[in-house]
Amino acid sequence: MIVELGHFALVLAALVAIVQMIVPMIGASRQWSGWMAAAVPAATIQFLLVSASFAALTYAFVVSDFSLRLVVMNSHTAKPMLYKISGVWGNHEGSMLLWVLILALFGACAAWFGGNLKPSLKARVLAVQASISVAFYAFILFTSNPFLRLATPPMNGEDLNPLLQDPGLAFHPPFLYLGYVGLSMAFSFAVAALIEGKVDAAWGRWVRPWTLAAWLFLTIGIGLGSWWAYYELGWGGFWFWDPVENASFMPWLLAAALLHSAIVVEKREALKSWTILLAIMAFGFSLIGTFLVRSGVITSVHAFANDPERGVFILLILAVFMGGALTLFAARANVMQAKGVFAMVSRESALVANNVLLAVSAFVVFVGTVWPLFAELAFDRKLSVGAPFFNAAFTPFMVALTAILPIGAMLPWKRGTLARTMQPLWGVLALSVAFGALVWVMQTGGAMLAPVGLALATWVTLGALVDLWSRTGRGDISSRLRRLRNLPGADWGKTTAHIGLAVTVFGISGLMAWESEDIRVARIGERFEHAGYEVELRDVRDVQGPNYVSTMATMAVYRDGDEIAVLHPEKRVYPVAGMPTSEAGIDNGFLRDVYLVIGDAQADGGYAVRTYIRPFANWIWAGCIIMGIGGVFSLTDRRYRIAAGARKRRAPAAGVPAE
């Protein structure tokens, strides 16, 4: 009964979304206040209905209702409860239900917290958001129904993909979807503004917090996915330029560009066309990522589906929304005339450079991701584009981006001089170069990756702190510290996020430059040396897990003769799924990780063992956490909550009619 109610609630949510798509849009075009106001209750009801549907599916997984086809294919009675719950979205159908739940959530939030929005714009935003929901409701109900029953339920299920039975992957998809789907709000604001025929500073201020929230969730989701890839896959890496990794990384880059571009619209009413285009393309790349993951056109360790019919449906959704939005964009080009003018040396120009670098880097990743598909279709050739291409093509743009970041942040609006802006930064630049040179000397020459990475990280970090301090004006230290404490949340958020980027940049460069690897056959009781550490294979035994059988090793790690860690790498086999996985044993440290992987037993009685010494690995995810904290600081900026309302209240007092 509960499952049927969930299916019924999903159908009702689709019908409510159709009403929300049509009625407020007509009301906005005719200026019928009652019809426009219908968007708010419709968005709320839609969210409640799809929440009930998602709760019903979750209940079916929790109680192991094997009359439901989806539960049979993705669950098992012996599976731990955490993975029963995460199994709801650890498959194609359930993840798409999570997708529409988040779509409805963002729409409801816009309805609940958009009181300062102009009524016609608010109605159009919610109508566009509902139109996206309608498309995905149709996709779910016609091609990916999660509530299909089985005539003869089996006694047990087929289990969830073992690679997904991990805490990192339990929380990674929801955060990633909050980012993916959150960009739909920027898209809805862009399309609504084009229909409205008005893009101004208020629009830039309204769209920024939604984009910031999406970027924040994407940052957390990508960080969790990278962390999972590091310790779960057993390959010793944190990023493989896998197509599915790229599918989330491209929207992240464009969302970062959109965040910075919207600042120019808000502050200077410039770059309107570019900002609208970025809002459209950021969500467009989310849809492209959805297509890549669910169409079967690419092979990935965590692709969801291999169904051409579903791929064609998603491609149709992509064509309709991107084609429609870009056509509207072309038709409304005349309403996006920039008011603010600026010199070549100005903050606006720096933000343009920031946008160009981010957009081009996203395009490079896109080309590398789809080129094998294009080559097979056009030339009937099977190609593989791997890490060497991405590292060589992507890295220069990131180096340029981090190099201009501190300067651009300190340039004044409209017009500035490079000499004056650099005055407080010359010392930072000298110190950054000195650090890079010191590292290069300490490593006795060699590759420049780590020295350049450290120099850029120092430059961005100290530059961000100098920029923050410069905002306190002049005076004695105590008064400046007081003003520092009272700076807006957006200023603190920008500084924190830039520092987080610097930490991640150094973590990646240090890890890639200085990691060392050893592969050998080790016997029980044998001790071997690698990169200043000694590793002893003490024991290997079979362990029975809740739904797997594990070959678990006990390995001791020594440094200068002292035992510093005892690790237990595993090689698991999940009998139901018939799939092996590796669980690395990792001794985490501030400056390095010792990373051990146990392999198959050898004919001579030993075991294959891989040992990695990975410097600064944890700095990568520490940087992601710091960037996320920066996003939270920015979201707490009270100007996002009161500025639009204050603008509306001030307008009549100034003798200008309120809109």
For the subset of the stretch 1-47 comprising residues that are in contact with a Ser or Thr (Cβ under 6 Å, 6 or more places away or on another chain) and more than 16 Å from Leu105 (Cα to Cα), which member is surrounded by the most Cβ atoms within 10 Å (Cβ to Cβ)? Ala28
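If we scan the stretch 339-346, do we find a residue that is without any contact (Cβ under 8 Å) to a residue 40 or more places away in the chain and in contact with a helix residue (DSSP H, G or I) (Cβ under 9 Å, 6 or more places away or on another chain)?
Scanning the stretch 339-346, I find no residue that is without any contact (Cβ under 8 Å) to a residue 40 or more places away in the chain and in contact with a helix residue (DSSP H, G or I) (Cβ under 9 Å, 6 or more places away or on another chain), so the answer is no.
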Going through the stretch 458-486 one residue at a time, which ones are part of a helix (DSSP H, G or I), buried (at least 17 other Cβ atoms within 10 Å of the Cβ) and among the hydroxyl-bearing types (Ser, Thr, Tyr)? Thr458, Thr461
Test of understanding: among Ala522, Ala502, which residue is among the hydrophobic types (A, V, I, L, M, F, W, C), at negative phi and not assigned by TED's automatic domain parsing to the domain that holds Val594? Ala502
Could you look through the stretch 240-293, keep only residues that are in a helix (DSSP H, G or I) and acidic (Asp, Glu), and pick out the one that is farthest from the chain's Cα centre (by Cα)? Glu266
Among the numbered criteria (1) at pLDDT 90 or above; (2) under 18 Å from Gly157 (Cβ atoms); (3) of a type outside the set (Lys, Arg), which single criterion is violated by Asn74? (1)
Residue within the stretch 220-229 that is more than 17 Å from Gly628 (Cα to Cα), modelled with pLDDT under 90 and part of a helix (DSSP H, G or I) present: yes
What helices (runs of 4 or more DSSP H), lying completely within the stretch 339-457, carry at least 3 residues that are farther than 19 Å from Leu254 by Cα and acidic (Asp, Glu)? none
Can you find a residue that is surrounded by fewer than 20 Cβ atoms within 10 Å (Cβ to Cβ) and either in a helix (DSSP H, G or I) or not aliphatic (A, V, I, L, M) (or both) anywhere in the stretch 176-195? yes
For the stretch 487-508, state whether one or more residues are touching a Leu at 6+ places or on another chain (Cβ under 7 Å), in a helix (DSSP H, G or I), in contact (Cβ under 8 Å) with a residue 24 or more places away in the chain and among the hydrophobic types (A, V, I, L, M, F, W, C). yes
So which residues in the stretch 26-42 are on the phi < 0 side of the Ramachandran plot and more than 31 Å from the chain's Cα centre (by Cα), if there are any at all? Ile26, Gly27, Ala28, Ser29, Arg30, Trp32, Ser33, Gly34, Trp35, Met36, Ala37, Ala38
Condition first: among the polar types (S, T, N, Q) and either touching a residue at least 40 places away in the same chain (Cβ under 8 Å) or closer than 30 Å to Ala392 by Cα (or both). Now tell me which residues in the stretch 422-450 satisfy that. Ser432, Gln443, Thr444
Going through the stretch 257-269 one residue at a time, which ones are crowded, with 24+ Cβ neighbours inside 10 Å and farther than 17 Å from Ala213 by Cβ? Val264, Val265
Going through the stretch 3-46 one residue at a time, which ones are polar (S, T, N, Q) and in a helix (DSSP H, G or I)? Gln20, Ser29, Ser33, Thr44, Gln46
I'd like to know if the stretch 569-579 contains one or more residues that are farther than 30 Å from Ser75 by Cβ, of a type in the set (A, V, I, L, M, F, W, C) and not in a strand (DSSP E or B). no
Please work out which one of (1) within 24 Å of the chain's Cα centre (by Cα); (2) more than 21 Å from Glu4 (Cα to Cα) is the condition Pro119 fails and give its number. (1)
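The values are calculated or read from the model by the stated rules, or taken from the named source; none is laboratory data. No experiment lies behind these values; they were computed from the predicted model shown. Positions of Cβ are backbone-derived with ideal geometry, glycine not excepted, and every protein chain shown enters the neighbour counts.
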